[in-house]
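Chemist: Quick one: this structure, given as structure tokens, is what I'll be asking you about.
The values are calculated or read from the model by the stated rules, or taken from the named source; none is laboratory data. In this text the structure is predicted, and so the values were computed from the model without any measurement. Note that each Cβ is placed from the backbone with ideal geometry, even for glycine, and that neighbours are counted across all protein chains shown. To get the accessible areas, we keep the full protein, side chains included, count just its heavy atoms, and leave off ligands, DNA and RNA. Shrake-Rupley method; radii C 1.70, N 1.55, O 1.52, S 1.80 Å.
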Amino acid sequence: MKNLLVLIFSLAILSLSLAPALAEAKEGVAVVVVDVQGDFTTAQKGSLAVPNTDQSYLENVSKATEQLKKAGLPIYAGQDWHPADHISFASNHKDKKPFETIKLDDGRTQVLWPVHCVQGTNAAQILVNPALITKVIQKGMDSKFDSYSGFMDDGGAKTELDKVLKAADIKTLIVYGIATDYCVKATVLDGLKEGYNVYVINDLCRGVADDTSKAALEEMKQKGAKIWPSLDLDNIKNL
Ligand code: VGL
Ligand code: ZN
């Protein structure tokens, strides 16, 4: 009887001393999965399919996201979510083709894209198990402004992302997804501007073009992001 009490007591002390250490290791870190949506993938024959976004890429993203979820991190997923009359669609401009650029009235340059990620379409769905996702952050809903960044659109209107992260006391972001040279880059740079520590998982990112993706990674690094070649789960607790 006495031994049993001692055992229970020891186990209680042990669990008390371990629990905070485990909780602390994950606190303040969140994952941002950028725009892993049908239209951006070859796997789904998307309208704006980014190279090397086949089924095996999607499996790697899913596996990593599952592991990070199991490690206790909240998972935020960006979703490009455009109305049919969106300014970034080439078809909404007379005599313009996808990948051409136009000058907007306010002097900014806008890249024109094929119609993609139209609200409510199958091709706009996120290709990560919804059960893993803490919250979906939609962007690009204003027809007049594009929104590569998950934090705000080109007109400066903020999404919910920063508010949600601050409310959860998040200080550090692990970012990956599509496209390295557009939405990943813009989200990472805005994250740094907002004061987050940002880690980019390179092999879970895919870019529209090699040269711009290389330049994007260089710029993210130069502005303070840490680029990890691949996900290092052992190092998550040290972030
Ligand atoms: C994106 C182009 C247009 C992206 C979104 O998710 O990187 N790229 N809209
Ligand atoms: Zn878009």
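Chemist: Quick check, is Leu192 more than 16 Å from ligand 1 (Cβ to nearest atom), surrounded by 20 or more Cβ atoms within 10 Å (Cβ to Cβ), more than 12 Å from the chain's Cα centre (by Cα) and more than 18 Å from Thr41 (Cβ to Cβ)?
Modeler: When the stated conditions are applied, Leu192 does not pass them.
Chemist: Can you go through Phe151, Phe145 and tell me which one is of a type in the set (Phe, Trp, Tyr) and open to solvent by 30 Å² or more (accessible area, probe 1.4 Å)?
Modeler: On the way: Phe151 fails: open to solvent by 30 Å² or more (accessible area, probe 1.4 Å).
That would be Phe145, the only listed residue that is of a type in the set (Phe, Trp, Tyr) and open to solvent by 30 Å² or more (accessible area, probe 1.4 Å).
Chemist: Just to verify a result, which residue in the range 211-224, among those that are touching a helix residue (DSSP H, G or I) at 6+ places or on another chain (Cβ under 9 Å) and farther than 22 Å from Gln79 by Cβ, is surrounded by the fewest Cβ atoms within 10 Å (Cβ to Cβ)?
Modeler: Per the criteria, the residue is Asp211.
Chemist: If Trp228 satisfies all but one of (1) of a type in the set (Phe, Trp, Tyr); (2) out of contact with any helix residue (DSSP H, G or I) (no Cβ under 6 Å at 6 or more places or on another chain); (3) buried (at least 19 other Cβ atoms within 10 Å of the Cβ), what's the number of the condition it fails?
Modeler: (3)
Chemist: So Phe151 ticks every box in (1) out of contact with any His (no Cβ under 7 Å at 6 or more places or on another chain); (2) within 15 Å of Leu48 (Cβ to Cβ); (3) within 14 Å of ligand 1 (Cβ to nearest atom) but one. Which box is left unticked?
Modeler: Unmet condition: (2).
Chemist: Residues that are in contact (Cβ under 8 Å) with a residue 12 or more places away in the chain and within 14 Å of ligand 1 (Cβ to nearest atom), at least 1 per element: which strands (runs of 3 or more DSSP E) completely within the range 51-127 meet that? Before the answer, list the steps.
Modeler: Numbers: elements: 75-80, 101-103, 109-111.
Those strands (runs of 3 or more DSSP E) span 75-80, 109-111.
Chemist: Can you say whether Gly177 is closer than 24 Å to Gln110 by Cα, more than 13 Å from the chain's Cα centre (by Cα) and within 16 Å of ligand 2 (Cβ to nearest atom), as far as the supplied structure shows? Full working, then the answer.
Modeler: Details: closer than 24 Å to Gln110 by Cα: yes; more than 13 Å from the chain's Cα centre (by Cα): no; within 16 Å of ligand 2 (Cβ to nearest atom): yes.
Taking the combined requirement at face value, the residue does not satisfy it.
Chemist: Given the structure, is Asp105 at pLDDT below 95 and not small (Gly, Ala, Ser)?
Modeler: Judged against the criteria, Asp105 is a match.
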